[in-house]
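Here is the structure we will look at.
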Amino acid sequence: MNELLPALYDHLEPVAVRIASRAAALEPVDAQRAYLVGVARQIVDHGSFRAEPPSLVTPPGLEGTLGWFKLLDSHLEDFVTGRMEAAEIIAQGGGRLWETFQAHDLVCAVFGHGVARALSPMLPGADVLELGTGTGGTTRRMAADLPAANRVVLSDLRQSFLDRVAAELPGVALETTIVDINQPQPELGQFDLIFSTNCIHVAKDLPVTLGWIRRCLKPGGALVLGEGSHYAIDVPSPVSLVLSLFNGWWDVPTSPARPQPGFLLPDHWFAAFEAAGYRHASMERWTDGRRTFGGVYWAFA
């Protein structure tokens, strides 16, 4: 599936360039809008994004991402100048667009596929925890394999998300629980496998979050993450423009170990794993040379 990413992003970049060119000329009214404008100026100044799509036909599987870009495009000036709030734009997309983006759009679904593929041979007899189940894009892809697990705990900040996903997993030894990844929760117990897809990068203090996750793993247990990436240290992912609407993305504290909000680069993940005491970290890296898209990470307690 990762072989599709270069072609998909070739179609996203011209949309991002068009929006970024307008946003770069605007004066933001607060820190959230300043993040969006800063990303836009990076895109424009770097000059590496495609300005034209590679073909007139947009490949299927980008409906969710392009839906969010369309909303931002329509309301860009009103948002950046403070005449419209991010919540108003997000509400226009609603839960249906968010689920399409997270669970079905290929630029997101590729990570769920990668995590599910990595976990499949490790599930029989395992105690398993998912962090940030969300709309269930990864979990549903594991439905045929999860009954082999000993215990499966799904977690999120919204019980409604968990209830919907749990209803689609008959025959699984399933529990649900509310978990905030910014709050250590040792009462969860210990697990053989902990996994998450495009969630842990929103941690406000990544060393703290990775530390308590490691303590929730049994000795030798594995953390498996599917995580996107910025293209490079000075080139943001184009989806940063639309994700700037969401709290928890643009406002994550930065540091020398994490120089940008949002996605981390692979080198930053490996440094974070080492600092948190994980062993034998590795990844399936998805890149086309010019751009890093992310991949699937393994790290062991």
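The stretch 186-225 and the stretch 258-278 have Cα centres lying 14 Å from one another. Across the chain, C-alpha contacts under 8 Å between residues 6 or more apart give a mean separation that, scaled by the residue count, equals a relative contact order of 16 percent. The angle separating the long axis of helix 86-99 from the principal Cα axis of greatest extent in the chain is about 50 degrees. Of the solvent-accessible surface of the chain, computed with a 1.4 Å probe and all protein chains present, 55% belongs to carbon and sulfur.
Determine the per residue accessible area of the chain with all protein chains present and a 1.4 angstrom probe, expressed in square angstrom.
Averaged over the residues of the chain, the accessible area is 41 Å².
A full extension of the chain between GLU85 and ASP163 corresponds to an added length of 25.1 nm, given 0.36 nm per residue minus the alpha carbon distance.
When each of the peptides 50-62, 254-266, 129-141 is scored by how many other beta carbons lie within 10 Å of its residues on average, the order from highest to lowest is 129-141, 254-266, 50-62. Couplings 3J(HN,Hα) of the stretch 102-114, computed from phi: 6, 9, 10, 4, 5, 5, 9, 4, 4, 6, x, 4, x Hz, in residue order, whole Hz [Karplus 6.51 cos²θ - 1.76 cosθ + 1.60, θ = phi - 60°; x for Gly and Pro]. Listed values (1) 35, 26, 18; (2) 38, 19, 16; (3) 32, 20, 19 include one computed from this model; for semi-axes √(5λ) of the Cα gyration tensor in Å that value carries the label (3). Here ASP234 and GLU175 are evaluated by their C-beta separation; at R0 = 51 Å the FRET efficiency comes out at 0.75.
Over the stretch 9-167, what is the relative contact order in percent, taking alpha-carbon pairs closer than 8 angstrom and at least six residues apart?
On the way: 192 pairs, mean separation 28.8, N = 159.
It comes to 18 percent, rounded to a whole number.
The values are calculated or read from the model by the stated rules, or taken from the named source; none is laboratory data. Every value quoted in this text rests on a predicted model; they were computed, and no experiment measured them. Every residue, glycine as well, gets a Cβ built from its backbone with ideal geometry; the counts of neighbours run over all protein chains shown. Surface accessibility is based on the protein's heavy atoms, side chains included, excluding ligands, DNA and RNA. Shrake-Rupley method; radii C 1.70, N 1.55, O 1.52, S 1.80 Å.
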